[in-house]
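Student: Take this structure, written in structure tokens, and hold onto it; I'll ask about it next.
The values are calculated or read from the model by the stated rules, or taken from the named source; none is laboratory data. None of the values given here were measured: they were computed from a predicted structure. When we count neighbours, we look across all protein chains shown, and the Cβ atoms used for this are built from the backbone with ideal geometry, even at glycine. For accessibility, only protein heavy atoms count, side chains too; no ligands or nucleic acids. Shrake-Rupley method; radii C 1.70, N 1.55, O 1.52, S 1.80 Å.
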Amino acid sequence: MEAIALLALVAMFGMLAMYSDLLPERIPIHWDAAGAPDRWGSKETLWIFPAIGAVIYLGLSAAVLLKRAVHDAVQHQLVGQMIAAIKVVTMVSFAIVSRGKLEAALGHGQGLSGILALVMVVLMAGGLLYARRGQHSL
């Protein structure tokens, strides 16, 4: 799971770096419920999401050091797995939103689509099942 989270984080920065020269100066940065852009900003605002993602990723990675304080072996393992799962959900979600914003800025689409909702449902369902499994192992 750690590799998936790291790959999503790297993909966010990579996508922006690859297309940054092609971006117009003014881009959509927010969409209404119908999917139409309702707020605009400079192309530099696209870097905010990956930067926040990196801070979250590093913070969760640092939290792994805190899990060493857990003395129970089962809890120790569950805390580590939970942190990895949170990283995956967060980084994949951020990568999807970043990609949608980038595509909208390049004029290749409406921006965010139903795929984000679908991915979030799948990730949340997986997280709930995982939490339930962890609860039974205690």
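Student: Just by accessible area at a 1.4 angstrom probe, what is the order of ILE96, ILE83, ILE48 from largest to smallest?
Tutor: Numbers: ILE96 40, ILE83 10, ILE48 90 Å².
Sorted descending by solvent-accessible area, the residues read ILE48, ILE96, ILE83.
Student: Less than 14 Å Cβ to Cβ from GLU25, Lys/Arg counted +1 and Asp/Glu -1: what total charge do the surrounding residues give? Working shown, then result.
Tutor: Working: positive: ARG26, LYS43; negative: ASP21, GLU44.
Result for the neighbourhood of GLU25: 0.
Student: Sticking with this structure for a sec: Which residues' amide hydrogens lie under 5 Å from the amide hydrogen of GLY41, considering only partners 5 or more residues apart or on another chain, with H built in the peptide plane?
Tutor: Long-range HN contacts for GLY41: ILE27, ILE29.
Student: About its Cα centre, what dipole magnitude does region 1-67 give when the only charges are +1 on Lys and Arg Cβ and -1 on Asp and Glu Cβ, stated in debye to the nearest 20? If you can, show how the numbers build up before the last one.
Tutor: Numbers: 4 positive and 6 negative charges, 33 e Å.
The calculated dipole for region 1-67 is roughly 160 debye.
Student: Which ³J(HN,Hα) values, rounded to whole Hz and listed in residue order, are derived for region 2-13 from phi using the Karplus coefficients 6.51, -1.76 and 1.60 in 6.51 cos²θ - 1.76 cosθ + 1.60 with θ = phi - 60°, glycine and proline given as x?
Tutor: Running phi through 6.51 cos²θ - 1.76 cosθ + 1.60 with θ = phi - 60° gives 4, 5, 5, 5, 5, 4, 5, 5, 5, 4, 4, 5 Hz.
Student: Okay, next question. For region 1-69, what class follows from the C-alpha gyration tensor (a ≥ b ≥ c being the square roots of its eigenvalues): rounded when a/c is under 1.5, otherwise prolate if a/b is larger than b/c, else oblate?
Tutor: Working: a/c = 2.86, a/b = 2.03, b/c = 1.41.
Prolate, because a/c is 1.5 or more and a/b exceeds b/c.
Student: Let me ask another. Along the positive direction of the dipole of region 10-71 (beta-carbon charges: Lys, Arg +1; Asp, Glu -1; about the Cα centre), which of PRO28, LEU46, VAL64 reaches farthest?
Tutor: VAL64
Student: So, one more: Would you kindly derive the ³J(HN,Hα) couplings of region 22-39 from the backbone phi angles with the Karplus curve 6.51 cos²θ - 1.76 cosθ + 1.60 (θ = phi - 60°), listing them in order in whole Hz, with x for Gly and Pro?
Tutor: Coupling constants for region 22-39: 8, 6, x, 5, 10, 10, x, 10, 8, 10, 7, 4, 7, x, 8, x, 10, 8 Hz.
Student: With a 1.4 Å probe and all protein chains kept in place, how do ILE27, ILE86, ILE4 rank by accessible area, largest first? It would help to have the intermediate numbers written out before the result.
Tutor: Working: ILE27 0, ILE86 70, ILE4 90 Å².
So the residues, ranked largest to smallest area, are ILE4, ILE86, ILE27.
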